[in-house]
1. State whether the residues of segment 185-205 include one that is assigned by TED's automatic domain parsing to the domain that holds residue 261, at pLDDT 65 or above and more than 24 Å from residue 272 (Cβ to Cβ).
2. Out of all the residues in segment 232-247, is one or more surrounded by fewer than 16 Cβ atoms within 10 Å (Cβ to Cβ) and part of a helix (DSSP H, G or I)?
């Protein structure tokens, strides 16, 4: 009836605004949730630090405050979006144990959301989640608390074999190293694992017994990771880079192989970050798990983990946190 009336009279009916806001995209919702948790955790950590007193000497807790400050700033919206995060007051009864549990829980949630969010936000969430989970583990050790819950161990089976030629209509040329494509990210991952395998093989001959046992275990991890990345490359119809006969190792490798392995693992974090941002599905899930594992290995070898592993960002260029009493922080990615 309405359609006939409009057609007969030439009147255009404009539906009244229902007042219902459009649904928030998952990536934006995940970022807002991460921002809210980072701000709440920051307040809780600051409260614990104040309660401990200036002479208590809590380097681990001070590091957590700094980390969460960076995370909250990274999660703000640099574009000045009008959407806001709802901030809640921290519990006045926050204890070390409850803080570690909350920090670990936030990290796990970020890693889960990273599997479904859009590329750039996914990479940011994976970086935040990995850092928060590892910081919670460090605090638990420093405070002699039970270890926080870890993510479930991923399936170690190598992905399905190479698809048939019919599934790949044409063989694309090997992508340029700097091109932002899934193929390029997978190719970079393959090369990263090839180099890591070579470095660990060399290091095994130079490390003492306890460190050599750790290196042997990590070598097996990288060998499996190479198989995974090669299979994912083929499943994506990409060309698997050929391995080289050898790789140039840093000058200090022979003198301090452990420090060199730490640097090697750190250098792989942006490679995992690229793959997270540029992939979906199985490859994304594998890369999120791999980022956390690589960050943990880098710390085990003595590296200082950046606040946002897998992201190369200048913390000084991040937007400042809003001052107390100001309007709610804008959401951002």
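1. There is at least one residue in segment 185-205 that is assigned by TED's automatic domain parsing to the domain that holds residue 261, at pLDDT 65 or above and more than 24 Å from residue 272 (Cβ to Cβ).
2. Within segment 232-247, none of the residues are surrounded by fewer than 16 Cβ atoms within 10 Å (Cβ to Cβ) and part of a helix (DSSP H, G or I).
The values are calculated or read from the model by the stated rules, or taken from the named source; none is laboratory data. As the structure is a prediction and not an experimental result, all values here were calculated from the model. All Cβ positions, glycine included, derive from the backbone under ideal geometry; neighbour counts span all protein chains shown.
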